[in-house]
1. Arrange the residues Lys304, Lys351, Lys199 by how much accessible surface each exposes, largest first, with a 1.4 angstrom probe.
2. Is the range 333-390 rounded, prolate or oblate when judged by the Cα gyration tensor, a ≥ b ≥ c being the square roots of its eigenvalues, rounded requiring a/c under 1.5 and prolate requiring a/b larger than b/c?
3. Using a 1.4 Å probe and ignoring any ligands, DNA or RNA, find the accessible area of Trp123 and quote it in Å² to the nearest 10.
4. Using modelled backbone amide H atoms (1.01 Å from N, in-plane), which distant-in-sequence or interchain residues come within less than 5 Å of Ser112's amide H?
5. For Thr246 and Lys296, calculate 0.36 nm times their separation in residues minus their Cα-Cα distance, and state this gained length in nm to one decimal.
6. Roughly speaking, to the nearest percent, how much of the range 54-137's 1.4 Å accessible area is carbon and sulfur?
7. From the phi of every residue in the range 49-55, what ³J(HN,Hα) in whole Hz does the Karplus formula 6.51 cos²θ - 1.76 cosθ + 1.60 yield, where θ is phi - 60° and glycine or proline is x?
8. Give the lysines reachable from Lys149 as a straight Cα distance under 28 Å; neighbours fewer than 8 places away on the same chain don't count.
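The values are calculated or read from the model by the stated rules, or taken from the named source; none is laboratory data. Quick caveat: nothing in here was measured; it's all calculated off a predicted structure. Because the Cβ atoms are built from the backbone with ideal geometry, glycine has one as well, and the counts that use them run over all protein chains shown. Calculation scope for accessible area: heavy atoms of the full protein, side chains included, ligands and nucleic acids excluded. Shrake-Rupley method; radii C 1.70, N 1.55, O 1.52, S 1.80 Å.
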Amino acid sequence: MPRGGGRSPLWLLLFSDFVLRTYALVPRQEQEILLNGQTAQAGNPADELLSCYNFNTSDSPTSFNEFIDGKPTRSVRLQKVWWSRRDAGFPITVFTPSTLERLRVLELQCLSFPGGIVAAAIWLPLLQPEPPPGSGVSNLTLRNQISLKNATQLVEGLFRRMEALNIGAAGTGSSDRSQSGSGFGACSLRLLLLSETLKDEALSVLMPINILRNAGMLAADTPLAAMVDVDLSFSRSFGRNVMVNTTRTAEMVRRAELENVLYVMPAWDTNRTLGRNRTAYIEQILATPPAEKTTKMRTDWQDKALLFPFAFDRFIPGHNATNYPRWVTTDTLYGTPYTKGYEPWVIMARKHMPSYDTRFRGYYYNKLLNVRYIGFQQKFKFWVLPDVWLIHRPHEITVSSNVWYKIKIKDHEDLSPVFDTPMFPNGSTWREVFNYRSKLWYLESMDRLENRTYVPLSDAAWAHCKGVLSWWQQYVGSR
């Protein structure tokens, strides 16, 4: 058992103070806030998801030792769902994991895909004491109740803002999917607020990222789906050129479902030396017409170094197989072989989507393992879209990513000093144990992948909801 059980919950205190100072509680509206943009009614998808997700949630907070043992967290609770009924009828759902601190980049992602469905699973960590023995019930502490109330209002505010931009837009959602992007000012949001009660402070900065991805996946009800991290925005061409083309999207669905095709969306990053001009430059690149990418994007990459392939300065194998030199000069869909380490963002058939491995928390290894499973073991084919791309939005370094690698930042303190405090009998720190366990699971999984015997560990909520949600019923028994 780790030592230091009496430590004050430093991260939670800072987080709660941030919420209370920055987003003061506002009076409740006279009308009750709606779950899905309309009055609650029997059989609506928000209610379906709420009713199935928490069937096996535990009131006992999750401990760091359970993470060490490779057990998926059992204390994630779906608190509320917001489900827009206005969408353009595109045959794709984008889903993403997020935290409250990332709501701004989630908003930017939503704005980059007008009319398209974006489902976000938003995590709220709560340090919570164990319930009294034999009680079976654990009421949230007052501080956690306040945090949950504030979080609900933050998410609600985002939902309302995006809904307001779509009032009067063409298309009325799943009941009339006209596949028209006209009139939409933002995406069609589906927001899932999930709390997780935790026993140990260390877990409160290690997002259960794959459980959140699985939760977001459950909100997908279209033939195609794509997991895209929250700090990425879509080129305008994604909605305006590709998704509105019903002939093209029908062929994409056919190939994805029958031929196991994955459609790669090349991702780009921008040069930090752009400084204050970086945001404006990102918007400029997102708005670039596909016909001009050869002159604009190739020049900005190869001649001006303002733009570069995602993570090429950190992990070249992650996106190298996309073949960026070819991409900037072609207007044709092309295939590319899977290579070890390849981890692009892809569009695939929802029916074929596997669970993400829920042993992993924080960052690194988790998406790479998922792509290797579908690309190597399942032998899916990778086809690169020539007229769609993603741009990474710059953001502050997260505590979770800093746990993996203690980043040295000039004039800044380490974001997670608690992780370098010895907490185990052998003197190991939280950081050392977390990194060791994550790498061990990755290497063990890679060995199984080589033998084609790997099976990602799903969480109970994902497995249960896939079997009961009306829009997943047709896929019962799929991967």
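1. Lys304, Lys199, Lys351
2. Note, shape of the range 333-390 comes out prolate.
3. 10 Å²
4. Phe234
5. Numbers: separation 50, 0.36 × 50 = 18.00 nm, distance 2.81 nm.
Result for the pair: 15.2 nm of gain on full extension.
6. Details: 1330 of 2520 Å².
Exposed carbon and sulfur together represent 53 percent of the surface.
7. Values per residue, Gly and Pro as x: 5, 4, 6, 8, 5, 8, 4 Hz.
8. Lys80, Lys199
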